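The values are calculated or read from the model by the stated rules, or taken from the named source; none is laboratory data. Quantities reported herein were computed from a predicted structural model and do not represent experimental measurements. Using ideal geometry, Cβ is built from the backbone for each residue, glycine included, and neighbour counts are taken over all protein chains shown. Side chains included, ligands, DNA and RNA excluded: accessible areas come from the protein's heavy atoms. Shrake-Rupley method; radii C 1.70, N 1.55, O 1.52, S 1.80 Å.
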Amino acid sequence: MLTSFGRTADVAGPEWNDRGVRLLLIEDDDAIADSLRGPLEAAGMDVDRASNGADGIESANRGVGPDVVLLDLGLPDMDGYDVCRAIRSVSQVPIIVVTARSDEFDRVLGLELGADDYMVKPLGARELVARIRAVMRRSAPSPRDDAASSDQIVVGGLVIDTRTHRVHLHGSELSFTPKEFELLVYLSEDAGAVRTRTDIIEHVWDANWFGPTKTVDAHVAGIRKKLGDARWIESVRGVGFRFEDPAEAHG
Ligand code: CA
């Protein structure tokens with residue numbers, strides 16, 4: 001099998017959302033690596049850990065490569081900066097560099113290592129997951145650029161396939177009722193915009209539907225519950241609802 005270095009065009013295609021994100025963690029400290037593994041795996045990531053720079057470079061370049069790299073700069077065998085450069089020289093995989101000291105930030109930024117983001121220890125699991133998703137979102141091709149994915153609505157880690165009626169959140173499949181699915185599609189296809197109750201009822205139910213508007217709320221509540229975070233659908237008082245990636249949501 002030919003070795004492909006990191007995110008080639010086909011690896012970065014729409015399929016990557018359908019499986020766990022492969023995260024390469026290059027970290028020599030066992031306690032830190034162990035403490036990060038749980039939250040990262042809970043967020044749907046497959047964690048492959050390398051405990052030194054040489055192994056990290058090898059893992060980054062092996063097979064189809066990771067989807068994202070979390071790189072500690074303080075490694076026993078090599079300078080983390082060189083590890084970052086070595087990976088970047090052969091791969092466009094998103095790299096998040098981790099430094100132990102905040103005063104290293106300026107140096108990291110000045111070196112133009114090709115890293116995608118920087119974090120200072122200690123790492124908060126929630127912020128880390130959000131940063132990982134953010135760099136992956138930025139590095140992923142826009143679905144509108146790819147005719148093959150025109151049946152897909154992608155909002156953050158959420159992928160809705162309107163052709164197959166399948167929904168994946170961070171690689172895990174979710175199940176919705178037909179009405180919930182229609183409502184989810186209607187809300188998400190213009191993420192960030194407000195959908196009014198009137199529009200929702202007209203598009204998802206029927207223009208002549210005179211049932212209780214509580215039905216909309218009940219379906220919104222059902223979708224929120226399945227997405228696991230109420231912030232996906234923001235209630236706009238007196239108007240309707242706004243669909244939004246919780247990682248981008250305010251407050
Ligand atoms: Ca270290």
Requested in this report: List the lysines whose Cα lies under 17 Å from the Cα of K226, skipping any in the same chain that are fewer than 8 positions away.
Outcome: K179
Query raised in the report: At E202 and R237, where each label point lies 7 Å from the Cα along Cα→Cβ, what is the point-to-point distance in nanometres?
Result: 2.6 nm
Report task. Quick one: compute a quarter of the convex hull surface over the Cα atoms of the stretch 148-249 and quote it in nm². Result -> 6.4 nm²
Report summary line: Nearest-0.05 FRET efficiency for K121 and A42 at R0 = 35 Å, using Cβ-Cβ distance, is 0.95
Query raised in the report: Label-point separation (nm) for A31 and D77, each offset 7 Å from Cα along Cα-to-Cβ?
Result: 2.4 nm
Requested in this report: Arrange the peptides 119-130, 54-65 so that the one whose residues have, on average, the most other Cβ atoms within 10 Å appears first.
Outcome: 54-65, 119-130
Query raised in the report: Counting only protein heavy atoms, what percent of the accessible surface of the stretch 147-188 is carbon or sulfur at a 1.4 Å probe?
Result: 50 percent
Requested in this report: Could you work out how far apart the two model spin labels at S139 and S89 are, taking each label as a point 7 Å from the Cα in the direction of the beta carbon, and quote it in nm?
Outcome: 1.8 nm
Report summary line: If each K or R counts +1 and each D or E counts -1, the residues other than A134 whose Cβ falls under 12 Å of its Cβ total -1
